[in-house]
Amino acid sequence: MAARKPNLKEDTSRVYKYLRMFLTDKHGMAPTVREMAVGCAIAPSQVIHHLEILEAHGLIVRKQGMARAIWIVQDSAEDEA
């Protein structure tokens with residue numbers, strides 16, 4: 001049984017794609033909330049909200065209290081996230 005891809009709203013999808021791009025193309029570490037806000041043209045508070053959604057969907061894992069502690073869990077949502 002294939003994993004079902006979550007239906008993400010546009011801004012959440014944009015944050016996820018930016019995070020994937022940054023991890024793949026940049027340094028191998030996650031961007032800061034501020035970097036994601038600038039890259040996605042949204043407020044830092046909105047980035048935090050979208051990261052919470054991504055975590056609830058099981059697409060990312062975060063370690064609270066640590067900067068840049070974000071890992072991609074599920075690559076299968078790459079095309080539609």
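The values are calculated or read from the model by the stated rules, or taken from the named source; none is laboratory data. Nothing here was measured: the structure is a model prediction, and the numbers come from that model. For neighbour counting, all protein chains shown are included, and Cβ atoms are generated from backbone atoms with ideal geometry for every residue, glycine included. Remember, those area values only see protein heavy atoms, side chains included, never the ligands or the DNA or RNA. Shrake-Rupley method; radii C 1.70, N 1.55, O 1.52, S 1.80 Å.
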* Asked: Does any residue of the stretch 10-19 turn out to be open to solvent by 40 Å² or more (accessible area, probe 1.4 Å) and either more than 16 Å from Ile60 (Cβ to Cβ) or at pLDDT below 90 (or both)?
  -> yes
* Hits in the stretch 38-56 - residues which are open to solvent by 10 Å² or more (accessible area, probe 1.4 Å) and over 10 Å from the mean Cα position of the chain (by Cα) -> Val38, Gly39, Ala41, Ile42, Ala43, Pro44, Ser45, Gln46, His49, Ala56
* **Restricting the stretch 20-29 to residues that are touching a residue at least 12 places away in the same chain (Cβ under 8 Å) and either of a type outside the set (A, V, I, L, M) or in a loop (DSSP other than H, G, I, E, B) (or both), the residue that is least open to solvent (accessible area, probe 1.4 Å)** => Phe22
* Asked: Going through the stretch 30-56 one residue at a time, which ones are modelled with pLDDT of 95 or more, assigned to a loop (DSSP other than H, G, I, E, B) and not small (Gly, Ala, Ser)?
  -> Ile42
